[in-house]
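Engineer: I'd like to ask you about the structure that follows.
The values are calculated or read from the model by the stated rules, or taken from the named source; none is laboratory data. Predicted model only: the values in this text are computed from it and were never measured. Note that each Cβ is placed from the backbone with ideal geometry, even for glycine, and that neighbours are counted across all protein chains shown. Just so you know, the surface numbers come from the protein's heavy atoms only, side chains and all, with ligands and any DNA or RNA stripped out. Shrake-Rupley method; radii C 1.70, N 1.55, O 1.52, S 1.80 Å.
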There are 4 protein chains.
Amino acid sequence: MRAGVIGASGYSGQELVALLLRHPEAELGFVGSRQYAGQSLVSVFSRFGSYPGAEALEFVAPEPERLSSQADIVFMALPHGTASEYARSFLNQGKRIIDLSADHRLDDPELYREYYGREHPHPDLLAKGVYGLPEINREKIRTAELVAGPGCYPTSIILPCWPLLRHGLIQPTAIIADSLSSPSGAGRKLDPALLFVECNESLRPYGVTRHRHLPEIEQELAKIAGQPLRIQFTPHLAPVNRGILTTIYTAPRKKCDTEPESEALKRAVRNAYDEAFRDEPFVRVLEEPNLPDTANVAHTNGLEIAWRLDQRTGRLIVMSAEDNLGKGAGGQAIQCLNVMAGFSETAGLI
Amino acid sequence: MRAGVIGASGYSGQELVALLLRHPEAELGFVGSRQYAGQSLVSVFSRFGSYPGAEALEFVAPEPERLSSQADIVFMALPHGTASEYARSFLNQGKRIIDLSADHRLDDPELYREYYGREHPHPDLLAKGVYGLPEINREKIRTAELVAGPGCYPTSIILPCWPLLRHGLIQPTAIIADSLSSPSGAGRKLDPALLFVECNESLRPYGVTRHRHLPEIEQELAKIAGQPLRIQFTPHLAPVNRGILTTIYTAPRKKCDTEPESEALKRAVRNAYDEAFRDEPFVRVLEEPNLPDTANVAHTNGLEIAWRLDQRTGRLIVMSAEDNLGKGAGGQAIQCLNVMAGFSETAGLI
Amino acid sequence: MRAGVIGASGYSGQELVALLLRHPEAELGFVGSRQYAGQSLVSVFSRFGSYPGAEALEFVAPEPERLSSQADIVFMALPHGTASEYARSFLNQGKRIIDLSADHRLDDPELYREYYGREHPHPDLLAKGVYGLPEINREKIRTAELVAGPGCYPTSIILPCWPLLRHGLIQPTAIIADSLSSPSGAGRKLDPALLFVECNESLRPYGVTRHRHLPEIEQELAKIAGQPLRIQFTPHLAPVNRGILTTIYTAPRKKCDTEPESEALKRAVRNAYDEAFRDEPFVRVLEEPNLPDTANVAHTNGLEIAWRLDQRTGRLIVMSAEDNLGKGAGGQAIQCLNVMAGFSETAGLI
Amino acid sequence: MRAGVIGASGYSGQELVALLLRHPEAELGFVGSRQYAGQSLVSVFSRFGSYPGAEALEFVAPEPERLSSQADIVFMALPHGTASEYARSFLNQGKRIIDLSADHRLDDPELYREYYGREHPHPDLLAKGVYGLPEINREKIRTAELVAGPGCYPTSIILPCWPLLRHGLIQPTAIIADSLSSPSGAGRKLDPALLFVECNESLRPYGVTRHRHLPEIEQELAKIAGQPLRIQFTPHLAPVNRGILTTIYTAPRKKCDTEPESEALKRAVRNAYDEAFRDEPFVRVLEEPNLPDTANVAHTNGLEIAWRLDQRTGRLIVMSAEDNLGKGAGGQAIQCLNVMAGFSETAGLI
């Protein structure tokens, strides 16, 4: 099985290259980059120098016709908009696609237009895209032609809410998700707001009330809850290279004013998480008193979750930590690859 | 006017020393530190070398009897528990006190016992302590014998909520405050969790549901709202040297399902903030599209506020940024000093 | 006295604006920025919101003819090349100039061509420019029409070497300077190498053997030594917002193989530093065991120096720390302004 | 093959645990920690939660008698002094030792006393210890009973100097090594100077002229050069979690005043590096214009090297980057294990 990467010089692209070079089953067929085409991978990113097989690799121009013979599955690590064009071409040539952009995550082309400010170039592909969260959609991913890798924030919100929503333990309409992210989530983009001096020693919100990941989160949570819903989502930037820490405020569906009610709720929550993630290799529900820490998951495909029932306020608070380039992007995409190709799901990831 | 500092070697203590050395009206009477008594200020902290008057200063043991002749007002920058002992002694000798610890913030000795795990040593002082938020309590501070400097988190929450609560614009019982802080808020404490390697590249919650600042926040918000209330408060650590960024989720009291309702609410919010902070030198309510950033207030006594009404969810989101050692501790204490001593309120602070 | 700033939106420019807004004697006449012309200072950089007088300021296009009536002294905080053009125009209109670029530091237009890759646009100005190190050139600065603000690295190297070289204590031809700098020294430039993710968690050399500050360092050290010389200079980037730490390896002119010889050298070094900096408000020679730390000088115009004679190797090692935007750029420029305008040299700086 | 780790909770210890849990050939026999004995590995360090086999591990008290049956090779990740005691016990029970402390690096007990301030507890072991740099001592390591893992700084200096010294290309007596390190090199120690707030935004030298790694560096370089020598070594702290960047100033043995002389030297240097590291999996000599960057080697066992001949000064400058916990400690120790146990040298490391 050979995998190619289009957009290999961005942060998610580099993460894919690193994971594929060390993958025990998959082979890295090509590394595509318009910017670096013709240069060797190692001359541009010397850190790959000690990876097995990296010396021989050269960046190639992202030309689907020429490249399709060199890969069975193609990863798109591109900005939204461009990804769909390439996906179309590779699909036409019978390749399977794992797209890390936002281009194939939404079911509704109207929402795409609203949040991404343009018509979707290939609305038919929206229906084709399987949302790439293996813990929830494993079976669909197995046979998918086109997997839409979830956004980094959505992964950190949907997975912790999933067990609670599908068991009806929380009110679907009262979810508030407050997230902190590394600037690496914005990609390797020449924006003054992403310069070292502007991000270091800075904590700041952005995209308040209307971040682009919002419709995707609501869409997937609504599917789980079986009803439409709106959530509150506020992202913030914090000066770390890797990591998203999300704190989610939820309202239990049942009142728990008494001790026995609280205990019953806690048991139900514990069971829901246990059932959901007991056999999942990448999701860890922490025992008290441990709380998630992005430092624990940096450079891995892990997701840490902890929850607390606040008996004073009645709220159930859920926290998660992930590496935004790992479980939030490249790691999860490789996990999808493993599912699609029938490899062990942890191959190349632990 | 001479001011002394007890606990001058901690982070808040150093901040006070820096501000007092540059203060145009106050004189720094003594710098107290059990640990460094007998050493010169500059030999321990060479950064003070270029401050006017620093060369002559030597750390002294914190002995109220000996020191009280050397200051008219004494700052306590000590851990809770010990602060009250010193406050008692200095008060007995007719000195006025600005206490940066938590020892005199709560009205109720029961709450003190519950959250600080010990009996309050001088419960009579609890009644004496004036909560040191000049924007709200300016008149009481003016004549106070004992000012209880607010906690760093409480300042970042109470000031942004004050205009909304006193005008009845939000529901007092539905406030969620999510805060990110520099580890400097924990003080210069030898705790492995505060080592560079543990904090750098780490984003993590702590004190979930029961942080010690909680009763103080609720007490002050309840006074403003005129009713008891419970809030949700979650602090997090992020790797910056200075700063607290707080995002507050509130529910407007009036529904705003229609455009005119929303516009009416926005006008009311705008007016409430304008009235509250128009003439305040340290609080800035930002114009759209600006959002608070701790980088903007680091090393100052400023507090930035921005708010957004989310028409999709109906929530009013308020964000604030401060320097936790500035407006969150030392800067605010100097602002109180200025009020108490009849100086210009911005003296030594801009 | 009114001062204007051309290039006010870069890092050095912002530093100048901050210092001028708080300056007790000078008034900020205009803030020039091609990029932000027409926008208010505070809307672009909200951190200035609490600075006295900032609210009224609006960025203006950098047009010398229109602006020259609004300032007596003009600061240039521009890239090299463009600075000289503006300097020419303002000089023609009788204004005095403090140029923070490299355009007027070198005496020799050949060296300018060699290191900056272009003909100098106004070689006559090279002769006019006074190198703006007040500790060394105070008298010339007092009456200068055109002050060439030193580079950030050169300041950290020339000042510590000055007392040693002018007393003939070290060999002029054997100096090695190894420097670490904040990426802020590179300015607010859209270069992928300056993105947060590329600088954070990275330590790396750059410009090895031929950094642009090299000829300027050699020129000024040669003047002090009274002979031509070549030095070794290696800059590195480290992830801090402010600061340069320089470690300089020198060879004493006299052998000191015996204890008495060593002691004699140490006395001579101590005296040389004492004589040079005893009365300087911004330079601190630290007592053992203290060593320079950029944290001690961040956000100040201070320069810390320490030295050690290594009796094992015979080398004299000198270390310095400065804020690259303070004593290394904006602070030093204001110090020059104070000298030129006859203000107290510390006005607005401590 | 089973390996045990004594001191598993420090930074080097944790690195060893991480590498051993993922090692394809070695099994982790025990994790020793006085502090955490009785607690499960994952409850203390939740990041190990997703490592294969970690769930079952519990910290054990470091008792050689009880533990020796559970490992064939034992790693010591302990402070100097204590390491030798444990080494003695495990050796007595026939175990092989890889000691990451400084206890068995020096040949001369006098030097140990001088630099470590105490008598060596088992001077006979000094003779036994093989210096654990596989690139240089591979054959001795293969059969060693006791391997002394090199210090983090020494690795970054000795490897780049080795090819130059053994071919006589540089003067052995004129080496200056200037290093920047992560505070993680100091270990998980409760020292105020290692707190986040003290290290972040700080660049500072320490241990100037007499760092403890100095005798070890000189000892090993002297062996290569075949003559006694003294070097200059200055370490600095910089705020990164992982990494050492070393810049080494050397003087070529032959003058190279003419272009042909320079070219000849460059060829000789190129050949020396090529011969030394061509077949080494972990050492990369970078092609121009690339320079080492700790970001490239963080979390790996790689060492990057680049060199430049400065024709202006005649000096040969060599730079290296490593992860101080990787090639500078834990990674290199695993590389030694691989050599000792006859595994592929890259097993578990790429």
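Engineer: Would it be correct to say that residue A:38 is away from every other protein chain (no Cβ under 13 Å), farther than 21 Å from residue D:292 by Cα and outside any strand (DSSP E or B)? Steps first, please.
Structural biologist: Working: away from every other protein chain (no Cβ under 13 Å): yes; farther than 21 Å from residue D:292 by Cα: yes; outside any strand (DSSP E or B): yes.
Answer is yes for this residue.
Engineer: Would you mind stating whether residue A:74 is among the aliphatic types (A, V, I, L, M) and assigned to a helix (DSSP H, G or I)? Spell out how you get there, then give the answer.
Structural biologist: Details: among the aliphatic types (A, V, I, L, M): yes; assigned to a helix (DSSP H, G or I): no.
Considered against the rule, which asks whether it is among the aliphatic types (A, V, I, L, M) and assigned to a helix (DSSP H, G or I), residue A:74 comes out as no.
Engineer: On to the next question. State all residues of the range A:132-142 that are of a type outside the set (Asp, Glu) and either closer than 18 Å to residue A:344 by Cβ or in the same structural domain as residue A:233 (by TED's automatic domain parsing) (or both); if no residue qualifies, say none. Even if it seems obvious, please write down each step before you answer.
Structural biologist: Of the range A:132-142, the ones of a type outside the set (Asp, Glu) are A:132-134, A:136-138, A:140-142.
Passing the criteria: A:132, A:134, A:138, A:141, A:142.
Engineer: Now, a different point. Of the conditions (1) touching a helix residue (DSSP H, G or I) at 6+ places or on another chain (Cβ under 6 Å); (2) more than 30 Å from residue B:197 (Cα to Cα); (3) crowded, with 22+ Cβ neighbours inside 10 Å, residue B:250 satisfies every one except a single condition; which number is it?
Structural biologist: It is condition (1) that residue B:250 fails.
Engineer: Something else now. Just to confirm my filter: which strands (runs of 3 or more DSSP E) fall fully inside the range A:280-350 and include at least 1 residues that are farther than 19 Å from residue A:132 by Cα and open to solvent by 10 Å² or more (accessible area, probe 1.4 Å)? Let's see the steps before the verdict.
Structural biologist: Values: elements: A:283-285, A:303-309, A:316-322.
Here the list reads A:283-285, A:303-309.
Engineer: Out of everything in the range D:236-291 that is closer than 19 Å to residue D:166 by Cα and at pLDDT below 95, what residue ends up being nearest to the other protein chains (Cβ to nearest Cβ)?
Structural biologist: Across the range D:236-291, the extreme among qualifying residues is D:255.
Engineer: Of everything in the range C:306-328 that's over 16 Å from the mean Cα position of the chain (by Cα) and of a type in the set (S, T, N, Q), which residue is farthest from residue B:49 (Cα to Cα)?
Structural biologist: First pass over the range C:306-328, keeping only residues over 16 Å from the mean Cα position of the chain (by Cα): C:306-319.
Those left that are additionally of a type in the set (S, T, N, Q): C:311, C:313.
Values: C:311: 29, C:313: 31 Å.
Checking each candidate, the answer is C:313.
Engineer: Given the conditions (1) closer than 30 Å to residue D:73 by Cα; (2) open to solvent by 30 Å² or more (accessible area, probe 1.4 Å), and given that residue D:275 satisfies all but one, which numbered condition is not satisfied?
Structural biologist: Among (1) closer than 30 Å to residue D:73 by Cα; (2) open to solvent by 30 Å² or more (accessible area, probe 1.4 Å), residue D:275 violates only (1).
Engineer: Output the residues belonging to the range B:13-63 that are over 26 Å from the mean Cα position of the chain (by Cα) and either touching a residue at least 60 places away in the same chain (Cβ under 8 Å) or at positive phi (or both).
Structural biologist: The answer is B:38, B:53.
Engineer: Follow-up question, since we're still on this one. May I ask you to verify whether residue B:261 is without any contact (Cβ under 8 Å) to a residue 12 or more places away in the chain and either of a type in the set (Lys, Arg) or open to solvent by 10 Å² or more (accessible area, probe 1.4 Å) (or both)?
Structural biologist: Taking the combined requirement at face value, the residue satisfies it.
Engineer: Tell me, yes or no, whether the range D:64-72 has at least one residue that is at pLDDT 95 or above, under 13 Å from residue D:6 (Cβ atoms) and surrounded by fewer than 20 Cβ atoms within 10 Å (Cβ to Cβ).
Structural biologist: Within the range D:64-72 (the criterion being at pLDDT 95 or above, under 13 Å from residue D:6 (Cβ atoms) and surrounded by fewer than 20 Cβ atoms within 10 Å (Cβ to Cβ)), the answer is yes, since at least one residue qualifies.
Engineer: Do we have residue A:165 as touching a Phe, Trp or Tyr at 6+ places or on another chain (Cβ under 9 Å) and either modelled with pLDDT of 95 or more or hydrophobic (A, V, I, L, M, F, W, C) (or both) here? Quick ask: steps written out before the conclusion?
Structural biologist: On the way: touching a Phe, Trp or Tyr at 6+ places or on another chain (Cβ under 9 Å): no; either modelled with pLDDT of 95 or more or hydrophobic (A, V, I, L, M, F, W, C) (or both): yes.
No, not satisfied.
Engineer: Assuming residue A:33 fulfils every condition listed in (1) within 13 Å of chain D (Cβ to nearest Cβ); (2) polar (S, T, N, Q); (3) surrounded by 17 or more Cβ atoms within 10 Å (Cβ to Cβ) apart from one, which condition is it?
Structural biologist: Going through (1) within 13 Å of chain D (Cβ to nearest Cβ); (2) polar (S, T, N, Q); (3) surrounded by 17 or more Cβ atoms within 10 Å (Cβ to Cβ) one by one, residue A:33 breaks only (1).
Engineer: On to the next question. Of the residues that sit in the range A:207-220 and are of a type outside the set (D, E, K, R) and in contact with a helix residue (DSSP H, G or I) (Cβ under 6 Å, 6 or more places away or on another chain), which one is most open to solvent (accessible area, probe 1.4 Å)?
Structural biologist: We begin by selecting, within the range A:207-220, every residue of a type outside the set (D, E, K, R); these are A:207-209, A:211, A:213-215, A:217, A:219.
Then keep just the ones that are in contact with a helix residue (DSSP H, G or I) (Cβ under 6 Å, 6 or more places away or on another chain); that gives A:213, A:215, A:217.
Details: A:213: 25, A:215: 6, A:217: 0 Å².
Among those that are of a type outside the set (D, E, K, R) and in contact with a helix residue (DSSP H, G or I) (Cβ under 6 Å, 6 or more places away or on another chain), it is A:213.
Engineer: Do we find a residue being within 13 Å of another protein chain (Cβ to nearest Cβ) and farther than 26 Å from residue B:180 by Cβ anywhere in the range A:176-199? So that I can check it myself, show each step before the final result.
Structural biologist: Quick first cut of the range A:176-199, residues within 13 Å of another protein chain (Cβ to nearest Cβ) only: A:176-199.
Adding the requirement that they be farther than 26 Å from residue B:180 by Cβ leaves A:190.
Yes, the range A:176-199 has at least one match.
Engineer: Can you tell me which residues in the range C:44-63 are at pLDDT 95 or above, outside any loop (DSSP other than H, G, I, E, B) and open to solvent by 20 Å² or more (accessible area, probe 1.4 Å)?
Structural biologist: Those that are at pLDDT 95 or above, outside any loop (DSSP other than H, G, I, E, B) and open to solvent by 20 Å² or more (accessible area, probe 1.4 Å): C:44, C:58, C:60.
Engineer: Now, a different point. Tally up the residues in the range B:221-235 that are more than 7 Å from chain A (Cβ to nearest Cβ), open to solvent by 30 Å² or more (accessible area, probe 1.4 Å) and in contact with a helix residue (DSSP H, G or I) (Cβ under 7 Å, 6 or more places away or on another chain), please. Steps first, answer last, please.
Structural biologist: Here is the first cut: in the range B:221-235, the residues more than 7 Å from chain A (Cβ to nearest Cβ) are B:221-229, B:231, B:233, B:235.
Then keep just the ones that are open to solvent by 30 Å² or more (accessible area, probe 1.4 Å); that gives B:223-224, B:226-228.
Imposing the further condition that a residue be in contact with a helix residue (DSSP H, G or I) (Cβ under 7 Å, 6 or more places away or on another chain) reduces the set to B:224, B:228.
Residues that pass the stated criteria total 2.
Engineer: Within the range C:110-129, can you find the residues that are crowded, with 21+ Cβ neighbours inside 10 Å and either part of a helix (DSSP H, G or I) or of a type in the set (A, V, I, L, M) (or both)? First the steps, then the outcome.
Structural biologist: Let us first name the residues in the range C:110-129 that are crowded, with 21+ Cβ neighbours inside 10 Å, namely C:112, C:120, C:125, C:129.
Selection gives C:112, C:125.
Engineer: Could you check, for the range C:7-21, whether at least one of its residues is over 22 Å from residue C:241 (Cα atoms) and either in contact with a helix residue (DSSP H, G or I) (Cβ under 8 Å, 6 or more places away or on another chain) or surrounded by 23 or more Cβ atoms within 10 Å (Cβ to Cβ) (or both)?
Structural biologist: Keep residues of the range C:7-21 that are over 22 Å from residue C:241 (Cα atoms), which gives none.
Within the range C:7-21, not a single residue is over 22 Å from residue C:241 (Cα atoms) and either in contact with a helix residue (DSSP H, G or I) (Cβ under 8 Å, 6 or more places away or on another chain) or surrounded by 23 or more Cβ atoms within 10 Å (Cβ to Cβ) (or both).
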